[in-house]
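Worksheet for the structure shown next.
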Amino acid sequence: MGGVEDDEPASKRMKLSSEALIHLSNGSTVKESIVGSSRDLMARPPQSDGGEEVVGSKGVIKKVEFVRIIAKALYSLGYIRSGAHLEEESGIALHSSIINVFIRQVLEGDWDESVATLHNIGLTDEMIIKSASFLILEQKFFEFLDEEKVMDALKTLRTEISPLCINHGRVRELSLSIVSPSHCFTVRSPKQNTSRARSRTKLLEELQKLLPPTVMIPERRLEHLVEQALGLQRDACMFHNSLDEEISLFADHQCARDQIPSYALQILPAHTDEIWFLQFSHNGKYLASSSHDCSAIIWEVDANGISLKHKLSGHQKPVSSVSWSPDDHQLLTCGVEEVVRRWDAPSGECLSVYEKAGLGMVSCGWSPDGKWIFSGVNDKSISLWELDGRELECWKGQHTLKISDLEITSDGKQIISICRETAILLLDREAKVERFIEEDQTITSFSLSRDNRFLLVNLLNQEIHLWSIEDDLKLVSKYRGHKRTRFIIRSCFGGLEQAFVASGSEDSLVYIWHRGTGELIEALPGHSGAVNCVSWNPTNPHMLASASDDRTIRIWGLNNLSAKQKDTHGNGIHYCNGGT
């Protein structure tokens, strides 16, 4: 029988590729088949009159590749005639003739022919050929079982699949599916648990992932390239702090500075002394603050702004920190070398007090499931507590300092604490392994990223260091510009995808850096005392809060929101119009 030659007009070659691509989208049957054997065919890249002609101003885009990718995108989008016309007019075929034959054979279930064609495509990697053959013969095996041709399935397994000598575990699973028909359903992959036409289409997609992209262009390749380009533009944008759907293909992406929360929309003056700590809840609906006035306050966040919900009294000493439960229904407050209190956020009721005789607490945090709490103790140990106040475990030794932050990773495996003046301990509870971040300067505070991969470390020398803690501990970046000489100053991650770093400062300013480049992009005036702590709303990239020695909390937002606010006093809150 005559083979299909590559010098056939593109208009004829494109008919098969068009129909084959219909298969990939809806699983219909082939209408335009090619008669002939593939044994004498070899895959060659589709030729064009342009040869290595390039397009674009940089001279790096090969015209043949460019046209093929566009054709692939047209077919994937369902524009079959447009894709066919592009192939015909350009003289550049999406696939070579032998690949068209291979696609038809797979979709029509010509298993032996498709395996033979696979060997003639011209692949040099024997493992790719074996892996692709395995997938094809596995489909053949299951279709025999569907037709209740058990002996044919067994023969395929013994004489065709097993001799490939790969994927031995899968071969055993296929054997079990013959012995136990009910086991067949658990062995099948999702692509084989559908109709025959659909499963063959899925098989072709799996084969496409195995074959080199020059032979079969990967699905959604053009979309991937465009998304990659948009991602690079977004990452390079210094002020990008808006949702991705706002990025357009019609112009290069560049956000304006007004995407950064830099206008003071509200001033919250309810505390009567220095405010040391504040933290938004995980859902962004609440803000908690703690003060030298021995109280903590729960603030409620809504569309109209932030209002006072509960003032929490009971501590006999200044409240150094707070910590929200994973479900945001409860709040922990820690007095300075005193006790930890657990509060019900909706009612403001104190639910429990955690204390150790003769000792004081210095930090607090939650287990990810909310069933236990952790506390740092001033004897340099860390305790684990039941909610009812019963101590479950205590890690003694040099695990924390009298002034220390405490974080627990979201998987509950690692406890992070300042263990020495210049070191941070990462304690793996399960593996009993200790790792240490070592600094040359005294560490004053730290903050854990939402994805648990990075740690911001504030140092005595007026630097903030970004450490990667996912695998090997690695210093990634440094941020400079803020002032710190006497007090504990805290920083945080924030903004869309936590692309920014914010920090308080002793010069009364709030500093914001671009996390990736380390470039300082804002220094916000407004406070009249040292800014001790900042917190970025995790669900609203345009809301930032700062706490100061001037006894106020400032809520920073975008300029276009400030116009909606009126100068007013009520419920202990002052609204301002972006002024200082």
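Amide H contacts of Lys483: Glu506, Asp507, each under 5 Å away and 5 or more positions distant or on a separate chain (H built 1.01 Å from N in the peptide plane; Pro and chain starts excluded).
Site pair Phe250 and Asn283 shows an inter-label distance of 3.9 nm when each label is modelled 7 Å from Cα along Cα→Cβ. Here Arg486 and Asp440 are evaluated by their C-beta separation; at R0 = 25 Å the FRET efficiency comes out at 0.80.
Phi-derived couplings, Karplus 6.51 cos²θ - 1.76 cosθ + 1.60 at θ = phi - 60°, listed residue by residue for region 540-547: 10, x, 9, 10, 10, 10, 9, 10 Hz, with x used for Gly and Pro. In this simple spin-label approximation, Thr539 and Asn559 carry label points 7 Å from Cα along the Cα→Cβ vector, and these lie 2.9 nm apart. Taken along its principal axes, the alpha carbon cloud of region 397-494 reaches lengths of 39, 29, 20 Å, longest axis first. One decimal place: the segment Ser367-Arg257 gains 35.8 nm when fully extended, by the rule 0.36 nm per residue minus the C-alpha distance. When each of the peptides 333-341, 131-139, 422-430 is scored by how many other beta carbons lie within 10 Å of its residues on average, the order from highest to lowest is 333-341, 131-139, 422-430. Cross-link reach is defined here as a Cα-Cα straight distance under 15 Å, omitting same-chain residues fewer than 8 places apart; for Lys62 the aspartates and glutamates meeting it are Asp49, Glu52, Glu53.
Protection proxy ranking of 107-113, 224-230, 294-300, by the mean of other Cβ atoms within 10 Å over each peptide's residues and highest first, is 294-300, 107-113, 224-230.
With 0.36 nm allotted per residue and the present C-alpha distance subtracted, the Asp344-Leu475 stretch has 43.3 nm of extension available.
Note on Asp125 and Ala423: the extension gain reaches 102.3 nm, defined as 0.36 nm multiplied by sequence separation minus the Cα-Cα distance. Each part reduced to its alpha carbon centroid, region 201-277 and region 452-501 end up 23 Å apart. Prolate is the label for region 95-216, because a/c, from the alpha-carbon gyration tensor with a ≥ b ≥ c as root eigenvalues, is 1.5 or above and a/b exceeds b/c.
Quick check on my link table: of Lys356/Lys432; Lys285/Lys311; Lys356/Lys413, which ones sit more than 22 Å apart, alpha carbon to alpha carbon? Check vs 22 Å cut-off fails for Lys356/Lys432; Lys356/Lys413.
All of the numbers you see were taken from the coordinates with simple rules; none came from a lab. In this text, all values refer to a predicted model and were calculated from it rather than measured experimentally. Using ideal geometry, Cβ is built from the backbone for each residue, glycine included, and neighbour counts are taken over all protein chains shown.
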